[in-house]
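Undergrad: Mind looking over this structure? Questions follow.
The values are calculated or read from the model by the stated rules, or taken from the named source; none is laboratory data. All figures in this text were calculated on a predicted structure; none of them were measured in a lab. No Cβ is skipped: glycine too gets one built from the backbone with ideal geometry, and neighbour counts run over all protein chains shown. For accessibility, only protein heavy atoms count, side chains too; no ligands or nucleic acids. Shrake-Rupley method; radii C 1.70, N 1.55, O 1.52, S 1.80 Å.
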Amino acid sequence: AQPFHIGALRVPNRVVQAPLAGIADWPFRAQSQRHGAGLAVSEMVASMGVHHGNARTVAMLRVDPSETLTGIQLFGADPGAMAEAAAAAQEAGADLVDINMGCPVAKVRKTGAGAALLADMDRACAIVSAMAAAVSIPVTVKMRRGITPDEARPVEAALRFQDAGAAAIAFHPRAAAEEYRGTADHAITADVVAAVDIPVMASGDITTPAGAREVMERTGCAAVMIGRAALGDPWLFGAMARGRP
């Protein structure tokens, strides 16, 4: 239930609603916040859609007055378009902008976006830098371990994102090739936490208040990020924030 900071942004507790594609629109986010999430993050929004003025995409930037603390997640592979979309998100009322570097879906990765950016670190860091320069709100990165377990260099990637201007990292310890198979190994999360000086939000297989506390104690992470576990159970956010079983 203690607050933490992402840059200058004060988050009132350490339970964050994860970005969920096709789900985390403003009514979902407002419900998550109402039930106890300290911060809620939008579904991923295509930066090129914002760049081209696509009405449906631009509408996804909307932050409703009923929301309390909201991040807008963007995806794309062009630093200029990502910076432009970040500025538009800030103008729409976002409290932070997040970069999707975790989506394992092929149609996203084939454009060079999502988890594919972890295989092109120079481009990924250029995106972080361009966005950080374009806005006054924090820029965060939601990343996976890597493309495959063997090729993954998550500590190196997190350090480079920090140096490029990221104010926080949301980390999922599965590789993109694993999608959601197996078990999230939060020993890897602990390695990332130990390496960087910015807050790390742990994501993956955190489904109960006891599990959230265990991950925080094992890893030293600043917060937990909850996605699929809260579908149909928005009360989970408050239960975690209060530490109730």
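Undergrad: So for the chain, averaging the separation of alpha carbon pairs under 8 Å that are six or more residues apart and normalising by length, what relative contact order in percent results?
TA: Values: 562 pairs, mean separation 45.4, N = 245.
Relative contact order here is 19 percent.
Undergrad: Sticking with this structure for a sec: Using a 1.4 angstrom probe on heavy atoms only, work out the carbon and sulfur share of the accessible area of the stretch 25-79 in %.
TA: So the carbon and sulfur contribution to the accessible surface is 57 percent.
Undergrad: Counting heavy atoms of the protein chains only and a 1.4 Å probe, report the per residue accessible area for the chain as a whole number of Å².
TA: Numbers: 10190 Å² over 245 residues.
I get 42 Å² per residue for the chain.
Undergrad: Once label points are set 7 Å from the Cα along Cα→Cβ at both residue 54 and residue 210, what is their separation, rounded to one decimal in nm?
TA: Reported label-point gap for residue 54 and residue 210 is 4.4 nm.
Undergrad: OK, next. What distance in nm lies between label points placed 7 Å from Cα along the C-beta direction at residue 111 and residue 163?
TA: Placing both labels 7 Å beyond Cα along the Cβ direction yields 2.9 nm.
Undergrad: Within the stretch 93-245, what whole-number % of the accessible surface is contributed by carbon and sulfur, with the 1.4 Å probe and all protein chains included in the calculation?
TA: 49 percent
Undergrad: For n ≥ 4 DSSP H runs only, could you compute -39500 (n - 2.57) per run for the chain, divide by its residues and tell me the 222 nm figure to the nearest 500? Working shown, then result.
TA: Details: 10 runs with 91 residues, N = 245.
Helix contribution divided over all residues of the chain: -10500 deg cm²/dmol.
Undergrad: While we're looking at this one, here's another question. Work out how much length residue 155 to residue 242 would gain on full extension: take 0.36 nm times their residue separation and subtract the Cα-Cα distance, in nm to one decimal. Before the final figure, lay out each step's value.
TA: On the way: separation 87, 0.36 × 87 = 31.32 nm, distance 3.09 nm.
Fully extending the segment from residue 155 to residue 242 adds 28.2 nm.
Undergrad: Return P(r) of the chain (all Cα-Cα pairs; 10 Å bins starting at 0; whole %; ordered from short to long distances).
TA: Computed distribution, short to long bins: 8, 36, 40, 15, 1.
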